[in-house]
Amino acid sequence: MNILILGGGGREHSLAWAVLQNPKCDRLIVAPGNAGIAAIAECASLDIMDPGAVVTFAEEEAIDFVIIGPEAPLAAGVADRLREAGVLTFGPLKAAAQLEASKSFTKEICDAANAPTAAYGHFTDAKAAREYVTTQGAPIVVKADGLAAGKGVIIAETVEQAHAAIDDMFGGAFGNAGAEVVIEEFMTGEEASLFVLCDGQNILPIGSAQDHKRVGEGDTGPNTGGMGAYSPAPVLTPEIEALTMDRIVRPTMDEMTKRGMPFQGVLYVGLMIENGQPRLVEYNVRFGDPEAQVLMMRLGAQAMDLMHAAAEGRLDRAQVNWADDHALCVVMAADGYPGDYTKGSVIGGLDKCPADSFNMVFHAGTTAKNGQITASGGRVLNVTARGATLREAADRAYRMVDSIDWPQGFCRRDIGWRAL
Ligand code: AMP
Ligand code: GLY
């Protein structure tokens, strides 16, 4: 098959790495890709937010299967146009992508499906939102309704902070994403995520993970897109997974189908777990980044068969062959991230890192310049390893980190601490 992956981060590098191991893949193109992806696959410059351009490209290159990595093209209807053109695609239609693109949509679906989640209010003006916070008290969570690149969630410790967040959002701090606001009960517990493939009818869990959102060790400092991840998540026991599937995922999928928007792709189920009970924090309609990196490391070539089965509606006959293993990913970021960071610094030592089924340095934000790899993003490298135990995976990953020569970069040294 000729396969096209859309995206250019560490998630897409790991997807490409897994797909290439599958003998069904004859040719792989990644658009736009990055310097690490270019070392293993063809990269194409293509505006992946332009559905027409993606369809034309897929037709010209005789693509048999498209895998859409990030949420933005899904919310822009790229999967809709590809399927209309008869191109087999992994990723939900625009209507179903609302599970990530609109927080109020998800809350309404949860209500209808009776899925456990935080109590909430949905507001289109600041006055009503402020009054709701005044009656509910703090801590409380204020969320921009739309896609805000992970920045639209404010955990307010006081009523005053919540009021300020409401004013910011309705004042346009998050653009259109903040034109509507969801305010939620603050949930306590331990967070983990479950990844579930869906083909519009059948659902198949393919693994769990935990990430580290804060920039500093011991989970301190500002939020980031994720500083590391590991899989499986010990807190997501088989019992909790079964409860999650029965009470949250299955009823959500049934409700989506009932509304004429069956979900096909991967559902990222963000959970808060307390006293043996899972509650939904959020859905994403794509793999997590860096959660995909640890899942791909564990699934290897079968990831491609599973995504293919989801796209073709054959998940009822698919199964995951688990090794009893663990994977861990350490994110290396440019100094200053998640604030202003420097670009263009040279990264050395990558040639000293092994690249095999136990060790991979996935590239997130890199560019090749004059034969050197340079940093071009905030999160730059995803140093990922697999082992029989989480400790072994962590030791392998940090051994690679230590052989990378990049003075302008940093990482957390405590990824996996909760489980270790
Ligand atoms: P979201 O984008 O909705 O996943 O929110 C980002 C992060 O904010 C989550 O991963 C949680 O750590 C936190 N969060 C979101 N909603 C809540 C909530 N209702 N209670 C506690 N923490 C939350
Ligand atoms: N790592 C969090 C996300 O991909 O949304």
message: For the range 188-231: of the residues being acidic (Asp, Glu) and either more than 14 Å from ligand 1 (Cβ to nearest atom) or not in a strand (DSSP E or B) (or both), which is least open to solvent (accessible area, probe 1.4 Å)?
response: 199
- prompt: Hey, among 252, 224, which residue is more than 16 Å from ligand 2 (Cβ to nearest atom) and within 21 Å of the chain's Cα centre (by Cα)?
  reply: 252
Among the residues listed as 304, 245, 261, 296, the single one being assigned to a helix (DSSP H, G or I), in contact with a helix residue (DSSP H, G or I) (Cβ under 9 Å, 6 or more places away or on another chain) and away from ligand 2 (no atom under 16 Å from the Cβ): 304
- request: Please work out which residue is farthest from residue 145 (Cα to Cα), limiting yourself to the range 99-120 and to residues that are open to solvent by 60 Å² or more (accessible area, probe 1.4 Å) and in contact with a helix residue (DSSP H, G or I) (Cβ under 8 Å, 6 or more places away or on another chain).
  value: 114
field: Check on residue 47, in contact with a helix residue (DSSP H, G or I) (Cβ under 6 Å, 6 or more places away or on another chain) and not basic (Lys, Arg)
entry: yes
- line: Here the residues within the range 121-153 that are near ligand 1 (Cβ under 9 Å from one of its atoms) and surrounded by 20 or more Cβ atoms within 10 Å (Cβ to Cβ) are 140, 141, 143, 152
- prompt: Can you pull out the helices (runs of 4 or more DSSP H) entirely within the range 1-109 that have at least 1 residues that are of a type in the set (Val, Ile, Thr), more than 16 Å from ligand 2 (Cβ to nearest atom) and more than 25 Å from residue 331 (Cα to Cα)?
  reply: 51-60, 78-84
- prompt: Of all residues in the range 261-309, which are touching a His at 6+ places or on another chain (Cβ under 9 Å) and either of a type in the set (S, T, N, Q) or open to solvent by 10 Å² or more (accessible area, probe 1.4 Å) (or both)?
  reply: 293, 298
statement: Note: among 294, 285, 235, 269, just one is under 26 Å from residue 332 (Cα atoms) and more than 17 Å from the chain's Cα centre (by Cα), namely 235
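The values are calculated or read from the model by the stated rules, or taken from the named source; none is laboratory data. Just so it is clear, the model here is predicted, and its values are computed rather than measured. Don't worry about glycine lacking a Cβ; one is built from the backbone with ideal geometry, like all the others, and counts go over all protein chains shown. Each accessible area value is taken on the protein alone, full model and side chains, heavy atoms only, with ligands, DNA and RNA left out. Shrake-Rupley method; radii C 1.70, N 1.55, O 1.52, S 1.80 Å.
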